[in-house]
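**Student:** Starting off with a structure, shown below.
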Amino acid sequence: MSRATTNESRPHERAGEVAAEVRDLRITFATDGGEVTGVDDVTLVIRRGETLAIVGESGSGKTVTARALLGLVAETATVRGGAFLETADGEIDVTRAHGERLRELRGPEVAMVFQEPSTALNPVFTVGWQIAEGLRAHRDLSRAEAKREAVAILDRVGIPDAEQRVNAYPHQFSGGQKQRIVIAMALALGSRVLVADEPTTALDVTVQAEILDLLRGIRDEFGTAIVIITHNMGVVADLADRVAVMYRGRIVEHAPVRELFEHPKDPYTQKLLAAVPSIAADVTPRELVAPEGRTEPVVVARGLEITYPGTLGRGAFRAVKGVDFEIAPGEVLGLVGESGSGKTTIGRSLVGLTKVTGGSVNVLGTEMNGVRERALHAIRPDIGFVFQDPATSFNPLLTIAECVAEPLVVHGRARDARAARERVDELLESVQLPHVLGDRYPHELSGGQRQRASLARALALDPTLLIADEPTSALDVSVQARVLELFAELQARHGFSAVFISHDLAVVHKLAHRVAVLYHGELVEQGEVNQVLTAPEHPYTQRLVASLPVPDPVLQARRREELRALAEDPA
C-alpha cells in the first residue's frame with residue numbers, strides 16, 4: 001500500500017500530537033564581517049492537524065527556522081539547540097542528521113513547498129517524471145506504478161485532466177497550477193510535516209484562495225502539520241491556528257490566531273498589523289488634485305486592442321479586447337485582474353513597449369496605434385516606468401547611482417553619471433534613501449530599498465505619467481506600507497498621473513482614485529475606487545473582492561463562505 005493511501009486512513013484522533021519541535025535553536029553564520037545571528041534561542045511546538053504561521057519581516061529568521069526542520073542549513077552556519085521530528089523510530093534531531101538518514105527523512109517525514117515554483121521545478125523534465133522521481137527514490141516502484149501515483153496526486157491537488165497533463169512540462173502550466181504541482185510533490189510521500197515558504201506571494205487573489213483551500217484540505221483530511229511562512233497577514237487570518245511573530249531572530253509573540261489579531265501584545269506585532277492595507281467602505285478616498293495648467297486627459301483609450309501574432313502554427317492571441325478608459329491629470333488609475341487579464345500588456349502599450357494593433361490609445365497627445373519611433377522618442381521622457389522586480393531591471397554591474405542616472409544621460413539631461421550625481425542624490429533622498437547608498441550595487445540593497453531606488457529612477461525626468469507594474473508584490477507588509485506611503489506622497493507632491501497595476505486590491509484601494517477591472521482582456525467594470533471595491537456590480541469583481549483575505553480571522557471565515565457561495569453560483 002502506498003504511503004499516500006496510508007495517509008487517508010490516519011485517524012483524526014491523532015490530531016494534536018506533537019509532529020515536530022524546535023528547541024532552543026540558535027543559528028549563526030560566519031561572514032567576512034564577523035558572526036551574524038540568524039536565529040536566536042527559538043522554541044516552537046508543531047502539532048498534527050494544525051497550521052503554525054511564522055511571520056515577520058525579511059531577515060527576521062523565519063525561513064531559517066523553518067528550513068532547519070529539513071536540515072537545510074548553510075555550511076557556514078553553526079547550530080546550537082535542535083529541530084526534532086517525531087517519527088516511527090522516535091524523536092530525531094534533523095540538524096544532526098546527515099547523508100542517507102537525512103534523505104530518508106525528507107519526503108516521508110517532512111517536505112517543503114518553496115516560494116517560487118518556477119525555480120523549484122526542473123524545466124527540462126515533465127512534471128510527472130519529477131513527482132515519480134521522488135516516489136522511486138523512497139519506494140520500490142516501477143516507472144508505470146510511479147506514474148500512476150503521480151497522476152493520482154496531481155488529480156488530488158486539482159490539476160485538470162491529470163492523465164494528460166502528467167506528461168506536460170512546467171512552462172505549460174499557469175503560476176497557480178505550478179504551485180499546486182510543487183505541493184503535490186511534497187505530498188506524494190505522505191509527509192507528516194509540510195513547510196510552506198510564502199506559497200501565495202506572487203499569486204492572484206482568486207488563485208491564492210484556491211491554494212489556501214487546498215492547504216486547509218490537506219491539514220484537515222490527512223492531519224498534516226503545516227508550517228507556513230508568510231508576510232501576508234490576511235493569509236495568516238485565513239489559514240493559521242497559531243502564530244509566531246519573529247523579529248531579529250527571536251520570537252517576540254506566540255499566540256492562537258484569534259487572540260493575536262484581537263489583542264496583540266508586543267509593539268512589533270501591533271506595528272505589523274497596523275501596516276496591513278484593507279478594503280473598508282468608511283475609508284475616505286484620496287482627493288484628486290489636478291496640476292495647474294493641465295486640463296486634457298493624459299491618456300484616452302477607445303476600443304484598444306492588442307493582439308500577439310501566432311507562432312509554430314498557432315493562431316493569433318487577442319490579449320486586450322476593445323478597452324475604453326481615460327486618465328485625468330493628477331489621477332491614479334488602478335488596473336486589477338488575474339494573470340493573463342491584460343493589465344500589464346496595457347501598461348506596456350502606454351509607453352510603446354507593446355504594439356497597439358487596433359482601436360486608439362492617445363498618450364500625452366500622441367496616438368500610439370501606428371506611432372513612429374521619432375514621436376515615441378519625443379514623449380518617452382514624460383513617462384516613467386516602475387518594474388515589478390527591480391533586481392532584474394537594474395544592471396548588476398552598475399552602482400545604484402549609475403542606474404538612477406541612466407534616464408538623465410540617455411535623454412541628454414546630463415553628460416554622464418558623475419555629472420548627474422547631484423540630481424541623483426536629490427532623487428535618492430526624495431525616496432527616503434541615504435545618498436551614500438548610491439555607491440552600492442543593486443545586490444547590496446534590500447528588496448524595499450531596491451524598489452525605492454527604482455521609483456527614484458522612474459521620477460528622474462519629472463514624468464507626467466508614471467506606470468507602476470506590481471511594485472509592492474514581493475515586499476514585507478511593513479516595507480510595503482512605507483513604499484505605498486512614499487508613492488502617495490510623491491504623487492501628491494509632483495502631480496503626475498499614474499497607472500498602478502496590481503493583483504492586491506487593498507493596495508489599489510489605498511492608492512488609486514479610480515479602478516478598472518480586467519477579465520480575459522475585457523474591461524468588465526470601472527469607476528471610483530470605493531464604489532467598485534466595496535460595492536462591486538459585476539460577478540467577476542465580486543469574486544475578486546471576496547477572494548482577498550482580510551486580517552481578521554472571524555471576518556475572514558465569513559468571507560470564505562461568501563466566496564464559496566459565489567463560486568457555486570452559475571452566474
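**Student:** With respect to residue 82, determine if the residue is buried (at least 17 other Cβ atoms within 10 Å of the Cβ), under 23 Å from residue 196 (Cβ atoms), in contact with an Asp or Glu (Cβ under 7 Å, 6 or more places away or on another chain) and at pLDDT 90 or above.
**Tutor:** Details: buried (at least 17 other Cβ atoms within 10 Å of the Cβ): yes; under 23 Å from residue 196 (Cβ atoms): yes; in contact with an Asp or Glu (Cβ under 7 Å, 6 or more places away or on another chain): yes; at pLDDT 90 or above: yes.
So residue 82 passes the test.
**Student:** For residues that are surrounded by fewer than 19 Cβ atoms within 10 Å (Cβ to Cβ) and under 17 Å from residue 165 (Cα atoms), scanning just the range 113-125, find the one that is nearest to the chain's Cα centre (by Cα).
**Tutor:** 118
**Student:** A further question follows. Going through the range 141-164 one residue at a time, which ones are crowded, with 18+ Cβ neighbours inside 10 Å and not in a helix (DSSP H, G or I)?
**Tutor:** If the condition is that a residue be crowded, with 18+ Cβ neighbours inside 10 Å and not in a helix (DSSP H, G or I), then 157, 159 are the ones that fit.
**Student:** Now for a separate question. Given the condition in contact with a Ser or Thr (Cβ under 7 Å, 6 or more places away or on another chain), among the polar types (S, T, N, Q) and in a strand (DSSP E or B), answer yes or no: does some residue in the range 307-318 qualify?
**Tutor:** The answer is yes, given that some residue of the range 307-318 is in contact with a Ser or Thr (Cβ under 7 Å, 6 or more places away or on another chain), among the polar types (S, T, N, Q) and in a strand (DSSP E or B).
**Student:** Within the range 330-339, is there a residue that is over 29 Å from residue 479 (Cβ atoms), more than 23 Å from the chain's Cα centre (by Cα) and outside any strand (DSSP E or B)?
**Tutor:** No, the range 330-339 contains no residue that is over 29 Å from residue 479 (Cβ atoms), more than 23 Å from the chain's Cα centre (by Cα) and outside any strand (DSSP E or B).
**Student:** Let me confirm something: among 94, 110, which residue is more than 30 Å from residue 166 (Cα to Cα), surrounded by 20 or more Cβ atoms within 10 Å (Cβ to Cβ) and modelled with pLDDT of 90 or more?
**Tutor:** Testing whether each residue is more than 30 Å from residue 166 (Cα to Cα), surrounded by 20 or more Cβ atoms within 10 Å (Cβ to Cβ) and modelled with pLDDT of 90 or more leaves just 94.
**Student:** Also, I was wondering about something else. If we only count helices (runs of 4 or more DSSP H) wholly inside the range 168-285, which ones have 3 or more residues that are over 28 Å from residue 334 (Cα atoms) and either in contact with a Phe, Trp or Tyr (Cβ under 6 Å, 6 or more places away or on another chain) or among the hydrophobic types (A, V, I, L, M, F, W, C) (or both)? Write out each step before concluding.
**Tutor:** Values: elements: 175-187, 205-222, 233-239, 257-262, 267-274.
Those helices (runs of 4 or more DSSP H) span 175-187, 205-222, 257-262.
**Student:** Return a yes/no flag: does the range 478-497 have any residue that is more than 23 Å from residue 431 (Cβ to Cβ) and of a type in the set (Lys, Arg).
**Tutor:** Filtering the range 478-497 down to residues more than 23 Å from residue 431 (Cβ to Cβ) leaves none.
No, the range 478-497 contains no residue that is more than 23 Å from residue 431 (Cβ to Cβ) and of a type in the set (Lys, Arg).
**Student:** While we're on this one: If a residue must be within 17 Å of residue 498 (Cβ to Cβ) and surrounded by fewer than 23 Cβ atoms within 10 Å (Cβ to Cβ), how many such residues does the range 339-361 contain?
**Tutor:** Of the residues in the range 339-361, the ones within 17 Å of residue 498 (Cβ to Cβ) are 343-344, 346-351, 353, 361.
Checking the rest, the ones that are also surrounded by fewer than 23 Cβ atoms within 10 Å (Cβ to Cβ) come to 344, 347-348, 351, 353.
Going through the range 339-361 one residue at a time, the tally reaches 5.
**Student:** Among the listed residues 437, 465, 511, identify the single one that is within 26 Å of residue 56 (Cβ to Cβ) and crowded, with 19+ Cβ neighbours inside 10 Å. Before the answer, list the steps.
**Tutor:** On the way: 437 fails: crowded, with 19+ Cβ neighbours inside 10 Å; 465 fails: within 26 Å of residue 56 (Cβ to Cβ).
The conditions single out 511.
**Student:** Let me ask something else about it. For the range 248-268, check the following and say yes or no: at least one residue is buried (at least 19 other Cβ atoms within 10 Å of the Cβ), among the small types (Gly, Ala, Ser), under 25 Å from the mean Cα position of the chain (by Cα) and in the same structural domain as residue 45 (by TED's automatic domain parsing).
**Tutor:** Yes, the range 248-268 contains a residue that is buried (at least 19 other Cβ atoms within 10 Å of the Cβ), among the small types (Gly, Ala, Ser), under 25 Å from the mean Cα position of the chain (by Cα) and in the same structural domain as residue 45 (by TED's automatic domain parsing).
**Student:** If I ask for residues that are in contact (Cβ under 8 Å) with a residue 40 or more places away in the chain and either of a type in the set (S, T, N, Q) or not assigned by TED's automatic domain parsing to the domain that holds residue 318 (or both), which ones from the range 471-520 would you list?
**Tutor:** Within the range 471-520, 473, 478, 480, 491, 497, 502 qualify.
**Student:** Let me ask something else. Would you mention how many residues in the range 216-234 are under 17 Å from the mean Cα position of the chain (by Cα) and modelled with pLDDT of 90 or more? Write out each step before concluding.
**Tutor:** Residues of the range 216-234 under 17 Å from the mean Cα position of the chain (by Cα): 228-234.
Still in the running and modelled with pLDDT of 90 or more: 228-229.
Final tally of qualifying residues: 2.
**Student:** Given the condition at pLDDT 90 or above and over 25 Å from residue 215 (Cβ atoms), answer yes or no: does some residue in the range 41-51 qualify? Break it down into steps so the answer makes sense when it comes.
**Tutor:** Restricting attention to the range 41-51, the residues satisfying the condition of being at pLDDT 90 or above are 41-51.
Next cut, over 25 Å from residue 215 (Cβ atoms) only: 41.
Among the residues of the range 41-51, at least one is at pLDDT 90 or above and over 25 Å from residue 215 (Cβ atoms), which makes the answer yes.
**Student:** For the range 530-545, give me the residue count where each residue is without any contact (Cβ under 8 Å) to a residue 60 or more places away in the chain and either small (Gly, Ala, Ser) or not in a helix (DSSP H, G or I) (or both). Steps first, please.
**Tutor:** To start, the set of residues in the range 530-545 that are without any contact (Cβ under 8 Å) to a residue 60 or more places away in the chain comprises 531-532, 536-542.
Right, trim to either small (Gly, Ala, Ser) or not in a helix (DSSP H, G or I) (or both) and you get 536-538.
The number of residues fulfilling the criteria is 3.
**Student:** Now a separate question. Within the range 371-380, does at least one residue satisfy the condition of being assigned by TED's automatic domain parsing to the domain that holds residue 460, surrounded by 16 or more Cβ atoms within 10 Å (Cβ to Cβ) and closer than 26 Å to residue 472 by Cβ?
**Tutor:** Yes; the residues of the range 371-380 include at least one that is assigned by TED's automatic domain parsing to the domain that holds residue 460, surrounded by 16 or more Cβ atoms within 10 Å (Cβ to Cβ) and closer than 26 Å to residue 472 by Cβ.
**Student:** Another question, then. Looking only at residues that are in contact with a Phe, Trp or Tyr (Cβ under 8 Å, 6 or more places away or on another chain) and part of a strand (DSSP E or B) in the range 38-77, which one is nearest to residue 93 (Cα to Cα)? Lay out the reasoning, then the answer.
**Tutor:** Here is the first cut: in the range 38-77, the residues in contact with a Phe, Trp or Tyr (Cβ under 8 Å, 6 or more places away or on another chain) are 38, 56-57, 60, 74, 76-77.
Remaining after also requiring part of a strand (DSSP E or B): 38, 77.
Working: 38: 19, 77: 16 Å.
Filtering first and then ranking leaves 77.
**Student:** Given the criteria out of contact with any helix residue (DSSP H, G or I) (no Cβ under 6 Å at 6 or more places or on another chain), at pLDDT 90 or above, farther than 18 Å from residue 428 by Cβ and part of a strand (DSSP E or B), does residue 359 qualify?
**Tutor:** Values: out of contact with any helix residue (DSSP H, G or I) (no Cβ under 6 Å at 6 or more places or on another chain): yes; at pLDDT 90 or above: yes; farther than 18 Å from residue 428 by Cβ: yes; part of a strand (DSSP E or B): yes.
Yes; evaluated as a whole, the condition is true for this residue.
**Student:** Select, from 318, 294, 302, the only residue that is crowded, with 17+ Cβ neighbours inside 10 Å and not hydrophobic (A, V, I, L, M, F, W, C). Walk me through how you get there before you give the answer.
**Tutor:** Details: 294 fails: crowded, with 17+ Cβ neighbours inside 10 Å; 302 fails: crowded, with 17+ Cβ neighbours inside 10 Å.
Criteria check complete, one pass: 318.
**Student:** Determine whether the range 274-290 contains at least one residue that is assigned by TED's automatic domain parsing to the domain that holds residue 488, surrounded by 17 or more Cβ atoms within 10 Å (Cβ to Cβ), of a type in the set (Lys, Arg) and on the phi < 0 side of the Ramachandran plot.
**Tutor:** no
**Student:** Would you mention how many residues in the range 168-200 are out of contact with any Leu (no Cβ under 8 Å at 6 or more places or on another chain) and more than 24 Å from residue 83 (Cβ to Cβ)?
**Tutor:** Start the filter on the range 168-200 by keeping residues that are out of contact with any Leu (no Cβ under 8 Å at 6 or more places or on another chain), which leaves 168-169, 171-174, 177, 185, 190-191, 197-198.
Retained after the next criterion (residues that are more than 24 Å from residue 83 (Cβ to Cβ)): 168-169, 171-174, 177.
Adding up the residues that qualify gives 7.
The values are calculated or read from the model by the stated rules, or taken from the named source; none is laboratory data. Values in this document were obtained by computation on a predicted structure and should not be read as measured data. All Cβ positions, glycine included, derive from the backbone under ideal geometry; neighbour counts span all protein chains shown.
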